[in-house]
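Asks: There's a structure below that I have some questions on.
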Amino acid sequence: MNIQKLTSLAKTAKTRSIVSLFDKKERINDFSLSTSHLYLDYSKQNITEIELAQLIDIAQEVGLSESITKQFDGDKINSTEGRSVLHTVLRAPQSVKQQILGETLAVEVEAAEQQVAEIVEDVQKGVLTGYTGQRFTDVLAIGIGGSYYGVKVSLSALEHYRDLALSVHVIANVDGGALEEKLKKLNSETTLVVVISKTFTTQETMLNAKAVKQWMLSSESVENSKLNNLSQIIEKQWFAVSSNIEAVKSFGINDKHILPMWDWVGGRFSIWSAVGLPLALAIGNDNFNKLKQGAYEMDMHFKTTDFKQNMPVIMAMLGIWNRNALEYPTLAILPYAHSLRALPGYLQQTDMESNGKSVSKSGDKLSWLTAPVVFGQEGTNGQHAFMQLMHQSDDIIPTDFIVAIKGRSQYIENHKVLVANCFAQSEALMQGKTLAQVKAELLESGYTLKEISRLAPHKTMKGNTPSNTLVMELLTPETMGALLALYEHKIFVQGVLWQVNSFDQWGVELGKQLGTRILSAMDGVKDDSLSASSQSLVAKFLARSTVTSSA
Ligand code: F6P
């Protein structure tokens with residue numbers, strides 16, 4: 001990436017006011033675009049047409065078009081793991097699957113889709129039941145990271161589409177308290193369990209799965225049933241999505257209940273695969289297919305649209321502009337929709353686990369920074385918390401606002417206020433309030449000159465914070481699919497520009513290794529290679545640990 005070109009372009013932008021860019025009347029037309037499900041207003045970004053055109057040139061110079069083709073065609077772009085990156089194929093028509101994956105694999109993928117669809121139908125019809133023959137009332141999905149966030153974000157986003165006869169729960173955290181809280185609500189006879197783990201070795205998932213297994217097998221009803229063969233309970237009520245078939249089988253899960261995870265689909269991009277089973281159980285097959293359709297439409301937009309009108313490319317380049325040219329280190333994701341409350345957490349993983357790197361694909365140290373720190377919360381809650389800092393600290397925090405024109409609730413006025421707040425925040429972040437404006441307001445309200453000079457500095461707002469506003473008409477499975485795919489592609493484009501491998505995550509390994517060593521230290525194995533701080537923390541734990549159970 002031509003970082004020199006980028007930084008020299010940024011010189012004027014750094015001292016420019018975004019508001020002044022609106023002197024150009026057509027700005028809103030020139031700085032907005034639509035796809036079949038989403039509208040993006042990026043006119044509140046601190047960028048001109050000329051600068052954006054130069055950014056697009058930079059994207060072209062690094063061979064973005066070729067990289068997009070390589071990804072969609074299945075080249076092994078995940079170079080450190082020697083894998084293709086083909087989550088897009090999972091939402092494409094069968095003919096595309098055949099073309100990209102070849103006949104045999106395409107048939108396997110179709111079979112897995114079929115398997116998901118049949119499980120959903122059989123649960124709905126009551127053909128698949130718990131071991132006592134009762135219909136399932138609950139689904140408990142166990143997984144973490146990419147085997148969790150996609151399900152979690154889509155479950156809450158599409159709660160209005162859910163099958164009311166079935167409640168779907170997700171558990172990720174290894175904190176036993178979280179598990180206890182979930183299990184208290186569940187009936188072991190009518191709970192279907194899905195363990196999602198590509199490796200089937202992830203510590204948190206395996207511990208949770210074992211604990212749930214024990215809970216199920218030691219329930220009062222199982223004891224009363226005097227069943228001779230307890231394994232049949234697991235065989236009947238448990239499913240797994242994994243690529244480690246042997247480990248799943250030795251856990252006791254029926255091999256007919258194992259669904260595949262492909263090595264060419266990364267965990268954080270896997271909701272389109274059988275990982276989506278808990279979601280499909282919640283919203284039904286048609287809606288699950290509509291989610292994939294929405295994503296496919298975004299794929300087609302991304303693949304075929306000129307970069308100047310290409311939503312993921314534009315969003316990616318604006319992100320690069322903010323990160324590397326204007327040097328803003330964070331990105332706030334603020335969905336003004338309770339249903340999208342899990343989106344900031346989901347995007348933290350997809351963005352930061354993908355692009356939070358500092359060496360190029362060939363292992364060279366990069367001379368630019370990569371992924372921003374992503375955070376956020378549903379609006380308006382964030383306004384009454386961290387947005388104070390966004391308005392008045394010296395840090396500029398670029399923001400993505402996400403909002404639906406139509407709400408889902410009967411409380412029409414609430415929705416209007418929600419949307420008004422969303423639009424108002426982007427305006428306030430851009431406009432700010434100068435000292436002179438504050439003074440004039442205070443004077444008008446009757447303050448004395450002495451009070452005005454004391455109070456005015458506290459009431460000024462820096463403004464000039466850039467934002468995108470993403471608008472959808474209604475949050476539907478198709479829109480949600482498009483939204484997730486939009487961010488997937490945006491992150492991919494940024495990875496290409498930053499020249500990182502967006503599809504590995506070696507950074508999480510060291511913590512896992514040290515976790516194992518600390519656990520041994522907690523079991524009494526002395527480890528002098530740990531720092532004095534960690535050894536003393538372990539000693540403190542050993543001296544005072546009393547894990548209490550409220551059960
Ligand atoms: O956090 C690291 C990670 O490897 C993620 O990439 C992955 O999604 C998650 O752990 C869970 O892994 P698995 O699906 O193998 O349990």
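All of the numbers you see were taken from the coordinates with simple rules; none came from a lab. Only a predicted model underlies this, so the values are computations on that prediction, with no experimental measurement involved. FYI the Cβ positions are ideal-geometry reconstructions off the backbone, even for glycines, and counts take in every protein chain you see.
Asks: Please list the non-local residues whose amide H lies under 5 Å from the amide H of Lys462, H modeled 1.01 Å from N, same-chain partners needing a gap of 5 or more.
Replies: So Lys462 has HN proximity to Lys433.
Asks: At Glu427 and Gln232, where each label point lies 7 Å from the Cα along Cα→Cβ, what is the point-to-point distance in nanometres?
Replies: 6.7 nm
Asks: Can I ask one more? Which shape class applies to the stretch 157-219: rounded if a/c is under 1.5, otherwise prolate when a/b exceeds b/c and oblate if not, where a ≥ b ≥ c are the square roots of the Cα gyration tensor eigenvalues?
Replies: Taking the square roots of the gyration eigenvalues as a ≥ b ≥ c, the stretch 157-219 is oblate.
Asks: Charges on Cβ only, +1 for Lys and Arg, -1 for Asp and Glu, centred on the Cα centroid of the chain; of Ser20, Leu519, Leu259, which one is farthest towards the dipole's positive end?
Replies: It is Ser20, whose Cα lies furthest towards the positive end.
Asks: Towards the positive end of the charge dipole of the stretch 272-408, with charges on Cβ (+1 Lys, Arg; -1 Asp, Glu), say which of Val359, Asn310, Gly379 has the farthest Cα.
Replies: Farthest along the dipole direction, towards plus: Asn310.
Asks: Here's another thing I want to ask about it. Sort the stretch 50-138 into rounded, prolate or oblate with this rule: let a ≥ b ≥ c be the square roots of the eigenvalues of the Cα gyration tensor; rounded if a/c is under 1.5, and if a/c is not under 1.5, prolate when a/b is larger than b/c, oblate otherwise.
Replies: Judged from the Cα gyration tensor, the stretch 50-138 comes out prolate (a/c at least 1.5, a/b above b/c).
Asks: How big is the chain by the Kirkwood estimate over distinct Cα pairs, in Å?
Replies: Computed over Cα pairs of the chain, the Kirkwood hydrodynamic radius comes out at 25.6 Å.
Asks: Just want the answer: with Cβ charges of +1 for Lys and Arg and -1 for Asp and Glu, which residue in Ser34, Tyr346, Phe503 is farthest toward the dipole's positive end in the chain?
Replies: My answer, from the dipole projection, is Tyr346.
Asks: Residue by residue through the stretch 21-32, what is 3J(HN,Hα) from phi via Karplus (6.51 cos²θ - 1.76 cosθ + 1.60, θ = phi - 60°)? Round to whole Hz and write x for glycine and proline.
Replies: Using θ = phi - 60°, the values come out as 5, 6, 4, 7, 4, 7, 3, 5, 6, 6, 10, 8 Hz.
Asks: Based on Cβ point charges of +1 for Lys and Arg and -1 for Asp and Glu, what charge dipole magnitude is obtained for the stretch 170-294 about its Cα centre, in debye rounded to the nearest 20?
Replies: It works out to roughly 240 debye.
Asks: Here's another thing I want to ask about it. Pulled fully out, how much extra length does the chain show between Ser533 and Glu509, if you take 0.36 nm times their separation in residues and subtract their Cα-Cα distance?
Replies: Answer, rounded to one decimal: 6.5 nm.
Asks: With r defined as the distance between the Cβ atoms of Arg16 and Lys308 and R0 fixed at 30 Å, what FRET efficiency is calculated, to the nearest 0.05?
Replies: 0.90
Asks: Using R₀ = 35 Å, calculate the FRET efficiency as 1/(1 + (r/R₀)^6) where r is the Cβ-Cβ separation of Glu180 and Glu108; round to 0.05.
Replies: The pair Glu180/Glu108 has a calculated efficiency of 0.35.
Asks: In addition: How much net charge surrounds Lys357 when only the other residues with a Cβ under 13 Å from the Cβ of Lys357 are counted, with Lys and Arg +1 and Asp and Glu -1?
Replies: -2
Asks: Something else about it: Here is the link list: Lys249/Lys526; Lys11/Lys433; Lys5/Lys490; Lys303/Lys416; Lys97/Lys365. Which ones come out longer than 28 Å on Cα distance?
Replies: Going by Cα-Cα distance, Lys249/Lys526; Lys303/Lys416; Lys97/Lys365 fall outside the 28 Å limit.
Asks: Can you pull the one-decimal nm distance between simple spin-label points at Asp75 and Val373, each 7 Å off the Cα toward Cβ?
Replies: 3.5 nm
Asks: Just to be sure I understand: of the beta bridges DSSP finds with both ends in the chain, what percent are antiparallel, rounded to 5?
Replies: 25 percent
Asks: At Asn29 and Glu413, where each label point lies 7 Å from the Cα along Cα→Cβ, what is the point-to-point distance in nanometres?
Replies: 3.9 nm
Asks: Only Lys, Arg, Asp and Glu count, each charged at its Cβ (+1, +1, -1, -1), so figure out the dipole size of the chain about its Cα centre, rounded to 20 debye.
Replies: Here the size comes out at about 1180 debye.
Asks: According to the square roots a ≥ b ≥ c of the eigenvalues of the Cα gyration tensor, what is the shape class of the stretch 463-551, taking rounded for a/c under 1.5, prolate for a/b larger than b/c otherwise, and oblate for the remainder?
Replies: prolate
Asks: Nothing charged except the Cβ atoms of Lys and Arg (+1) and of Asp and Glu (-1): what's the magnitude of the dipole of the stretch 67-144 about its Cα centre? Round to the nearest 20 debye.
Replies: 200 debye
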